[in-house]
Every structure is written in C-alpha cells, then in structure tokens.
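Since every read-out is calculated from the coordinates, none of them should be taken as a lab result. Note that this is a predicted model, so its numbers are computed, not measured. Note: ideal-geometry Cβ built from the backbone for every residue, glycine included; neighbour counts use all protein chains shown.
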Amino acid sequence: MSEDKKVFTKRPWTDEEDDLLGELISDKKNKVKAIAKTLDRTESAVRSRMRTLGLSRPKTKYVVFKGKQFITKGTKDEIAVATGYTVDSITQYIHRTKTEPDKHNVHIHKV
C-alpha cells in the first residue's frame, strides 16, 4: 500500500457529525470531497450517511424568460410542468442559453 494513502477505519457516526453533515450539505457550494475532509470521512462514507439520513442537496432553481418577459421560476421539474416542455428540453435550453441564441427566444438561467 502507498505511504501517502490515508487508511480509514469504520467508526460510528456521532450526533454532532450528523448535525454538521446536515448543515454542510444544505449549502450547495460545499462539495462532498470537502465535506468528507471536514468530517475526516471518505466521500463514500459521506454519501452513504446522506442516504441513511435521507439528506439531499437542494435542487438548483432557474428562472425562465421569453424575450424580456418573465415566464416562471423553479426546479427543472417545476418548469417542465409550468411550461409544458420536457425536462430534457429544459436542460437543452439551459445549455443553449449559455452558448448560442435560441430561435424561440427562450432563456433559462440559474437563480
């Protein structure tokens, strides 16, 4: 085994670690890798604990404009329901908004 690899031993999660994990995961800026380092856990252990506790990151919210007119805002799923577009179409509009003008003049941006 490589000398620079850290060896982790399985240990129970404390209530304090669970609370801190919940706080850290609620901020989308915190990556799992950084959270794992903060908690002195592996990324796999952090993801597993998130599943066990039913924790998930907040979904990204977007705002939709057609031309300069506001249409709606919400997650991709919420926008799909409100506009009648599929989630795949919403994803394509998000990408296109960054790279090229859209022929339908629909623009979707992160909030």
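The figures follow:
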| item | result |
| --- | --- |
| Amide H within-cut-off set for THR75, under 5 Å, with H built and near neighbours excluded | TYR62 |
| Mean ellipticity per residue at 222 nm, deg cm²/dmol - from DSSP H runs of n ≥ 4 across the chain, formula -39500 (n - 2.57) | -14000 deg cm²/dmol |
| Local electrostatic count, LEU53, Cβ distance below 14 Å [Lys/Arg +1, Asp/Glu -1] | -1 |
| FRET efficiency for LYS110 and LYS33, using Cβ-Cβ distance with R0 set to 22 Å, rounded to 0.05 | 0.55 |
| From phi via Karplus (6.51, -1.76, 1.60), per-residue ³J(HN,Hα) for the range 15-29 in Hz, x at Gly/Pro | 4, 5, 5, 4, 5, 5, 4, x, 5, 5, 6, 6, 9, 4, 5 |
| Residue among VAL111, THR38, PHE65 farthest towards the positive dipole end of the chain, charges placed on Cβ | PHE65 |
| Computed lengthening from GLU16 to HIS95, 0.36 nm per intervening residue step minus Cα-Cα distance | 24.5 nm |
| Electrostatic dipole magnitude of the chain [Cβ: Lys, Arg +1; Asp, Glu -1; Cα centre; debye, to 20] | 440 |
| Karplus 3J(HN,Hα) series, Hz, for the range 32-38 with 6.51 cos²θ - 1.76 cosθ + 1.60 (x for Gly, Pro) | 4, 4, 5, 5, 4, 5, 4 |
| Chymotrypsin sites (Phe, Trp or Tyr not before Pro) within the range 45-86: DSSP coil, no more than 12 neighbouring Cβ in 10 Å | none |
| Percent of Cα pairs exceeding the 20 Å cut-off, where the set is the chain | 55 |
| Label-point gap, in nm, between SER56 and GLU78 - each point 7 angstrom along Cα→Cβ | 1.4 |
